[in-house]
Amino acid sequence: LAEKLQDTFKKLKNKGKLTEKDVAEAMREVRLALLEADVNFKVVKDFINKVKERAVGIEVLESLTPGQQVIKIVNEELTELMGTSQSKINFSSKPPTIIMLVGLQGAGKTTTTGKLAGMLKKQGKRPLLIACDIYRPAAIKQLQVVGEKVGVPVFTMGDKQSPVDISKAGIDHGMSHGNDVILIDTAGRLHVDEELMDELKDIKNDVKPHEILLVVDSMTGQDAVNVAEHFNEKLGIDGVILTKLDGDTRGGAALSVRAVTNKPIKFTGLGEKLDDLEPFYPDRMASRILGMGDMLSLIEKAQANFDAKKAKELENKIKTQQFTFDDFLDQLEQVQKMGSLSQILEMIPGMGGKQLKGMDVDEKELVYVKAIIQSMTKNERHDPSIINGSRRKRIASGSGTSVQQVNKLLKQFEQTRKMMKQFADMAKPGKKGGKFK
Ligand code: GDP
Ligand code: MG
């Protein structure tokens, strides 16, 4: 989906002015892309109409091109579609909070129960898990293993008692053991059926959970949406957890579930490991679907923080190769004002989400870089070529770093300066391929 939409917007990006025809054409493609991504038909229709209504005749913001303006609207409407703000768990004012996880077989209930318990534990809660899947062989064992991994106790009574009795006994156990959140892992079926619903209703009526969270597999696309609709009608749900988003490239379920059920997506599962659970952020999901990272918020942040006059000065310095360590320091501070480095990287298209995991952006590195520059004299900052061996030693000890670190920075700075000069040259009028103004 992301790729499709990007193509569409690329066409728009180069236009100077946005006509009604442009909007209509772009929307036709957006519509196709959404349908292909298995987004519910009615949801698509409403969505397109909304965007069209907003896009045609709109005053283009000074800071954006018309193409960007349409992207912005699509982005905002996608966010709206998935619920504007992130939904949290409603904790009961009188603990324990009882959460029931329901869904079809294989959706990821048991895994998610463990993930959620681990997350809550990290937030200082004292969760207890109750094993109520008495049908699937080894389901109880599976929950025990998961519980052990996240260090959360699991209450079981084998498979001879009814799920209602197990739940009630489990809650009593939790209350007498000081557990403030109780998560009930229930059984699923391959398809929605009456028997399953009756069993879940029985638990609901007896236990009166504060939250019923439906776990759905996002890879099943439109089916996930139908399942959500059914569960919501028959049982009533408070929210949805979308699992396996790591394998879902189309994003159709994420887009439709909220619109169809009017229930928020609260969390997303992003892998099989027990820490692969994240709160659901509609705005981030919209951006990811648009395939541009949080490009817009990056633009917005940059505009808010970057002083235009300074930018002009900087540009001149780069062109005349007078870019100094003082400017470099300025730049660093600008970047830091925009957020942490890892946050910024996450906002860059292609760098978002998964690819960043495991890649540790070393914020400390920046602290050292600043310390090194601050240990330079004014002259050194303006003309790094005078920084000889003894100066390097002095700077290193002054900044609490090593000579190697100083050397590394000097080298990087030189390369940056060269690169910037090249860009600046490329942008000179008359030269081909110049994109930098
Ligand atoms: P249940 O039948 O609903 O309890 O589902 P399980 O918790 O047993 O999960 C079914 C399968 O889905 C298991 O192999 C899980 O490891 C896998 N699974 C669950 N959540 C995710 C997820 O977010 N991403 C991926 N890739 N796999 C998941
Ligand atoms: Mg299970």
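FYI, it's all coordinate maths here, none of it is from the lab. Only a predicted model underlies this, so the values are computations on that prediction, with no experimental measurement involved. Positions of Cβ are generated from backbone atoms using ideal geometry, with glycine treated the same way; all protein chains shown enter the neighbour counts.
Things worth noting here:
- Taking label points 7 Å from Cα along the Cα-to-Cβ direction, LYS273 and ASP165 give a separation of 4.1 nm.
- Relative contact order (%) - criterion: Cα under 8 Å, at least six apart; region: the range 94-221: 44 percent
- Of LYS72/LYS234; LYS109/LYS201; LYS125/LYS208, those spanning more than 28 Å from alpha-carbon to alpha-carbon: LYS72/LYS234
- Fewest-first ranking of PHE413, PHE280, PHE231, using other Cβ atoms within 10 Å as the exposure measure: PHE413, PHE280, PHE231
- Basic side chains Lys and Arg get +1 at the Cβ, acidic Asp and Glu get -1 at the Cβ, and with that the dipole of the range 97-282 about its Cα centre reaches some 520 debye.
- For the residue pairs LYS121/LYS244; LYS94/LYS168; LYS149/LYS204; LYS45/LYS88, the C-alpha atoms sit more than 24 angstrom apart in LYS149/LYS204; LYS45/LYS88.
- The order of the peptides 38-49, 250-261 by mean Cβ neighbours within 10 Å, most packed first, is 250-261, 38-49.
- Highest-first packing order for the peptide set 87-93, 383-389 is 87-93, 383-389, based on the mean count of other beta carbon atoms within 10 Å.
- Rounded Å value of the spacing that divides the Cα centres of the range 215-251 and the range 106-176: 21 Å
- Taking the fewest neighbouring Cβ atoms within 10 Å as the starting point, the ordered list for VAL227, VAL70, VAL56 is VAL56, VAL227, VAL70.
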